[in-house]
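Everything on this sheet refers to the single structure shown next.
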Amino acid sequence: AQGALRKRLTESLGGTAGLASVQATVLSREETDGYVREDVELDLGRGLEAGANLLSPADRAGRGPAIVVYAGEPDGDRPNPSAALAEDLVRYGYVVLEVPVASDAEKKAGADGRQQQLRSDLAAFAYLRGRRDVDPERVGVCGVSSGAWRALWVAAVEPRACVLVQFVPSKEPEGTGSGSGDRDLAAALVAPRGWLTIDAGKLEWNGGPTARSIYAAHDVGELKQKSIVSETAAQDGAKLAQLARDWLKDEL
């Protein structure tokens, strides 16, 4: 049942499935404050590339848990909470890959903006999961603001994503999905795994009745979605990281 649902969603999102492996080029490397930061360029194939920031604990020995952080759209001069979130998560011992929103040029290079963004986001997950310092069975995805929707699509299409964390989900950006039907289908696919949503106020959608009916009908498992409302976390990457860490330590 899960396979049929996933195929249906993948086709609706443009036909982009999970990637087996992804190569990356390190453009720069800097060790700072107990962790190593690398600017990497992911090879998406078809002559396409995407940039990302890799943060890894300087004292990591062996394999450990990892998280992909999908950033939201820039909000004027406000600090980027996903950057602060990534820095705090790496200090908690996670290898973190922060993935920005695809540029207009990158989106235009693909079949369409939605498909190209998803391909880039899936490539980031595949790259992180394939690293020698990462336990491939302990890789989660999270997103901030509009990035929360990107994380949802990746978690739904990619069954190897262990957990989903959505931080302060914004209104879904135009062109990232096909409407409420896709969202409900995605929720049904994520349902059996750990799923945390942190928001500043009332959650308008976190896997509603339609999603519940889908995964009940297809017997895909119990909903494991948990919600936290925190007004102070909305623009505070450190607070987001603390709330996430308290939940992740039992899930990832």
How big is the accessible area of GLU158 in square angstrom, nearest 10, if you roll a 1.4 angstrom probe over the protein chains?
-> 10
Accessible area, 1.4 Å probe, largest first: how do SER82, SER21 sort?
-> SER21, SER82
Considering only the other residues whose Cβ falls under 12 Å of the Cβ of PHE125, what net charge follows from Lys and Arg at +1 and Asp and Glu at -1?
-> +3
On full extension of the chain, what length is gained from THR25 through ARG160, given 0.36 nm per residue of separation minus the C-alpha to C-alpha distance?
-> 46.2 nm
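Using per-residue counts of other Cβ atoms within 10 Å, averaged over each peptide, order 30-38, 159-167, 139-147, 241-249 from highest down.
139-147, 159-167, 241-249, 30-38
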A chain fully extended from ALA61 to VAL36 at 0.36 nm per residue, minus the present Cα-Cα distance, gains in nm 7.6 nm
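The values are calculated or read from the model by the stated rules, or taken from the named source; none is laboratory data. In this text, all values refer to a predicted model and were calculated from it rather than measured experimentally. Neighbour counts are summed over all protein chains in view; Cβ atoms, including those assigned to glycine, are modelled from backbone coordinates with ideal geometry. Ligands, DNA and RNA are stripped out before the accessible areas are found, and what is left, the full protein with its side chains, is counted by its heavy atoms. Shrake-Rupley method; radii C 1.70, N 1.55, O 1.52, S 1.80 Å.
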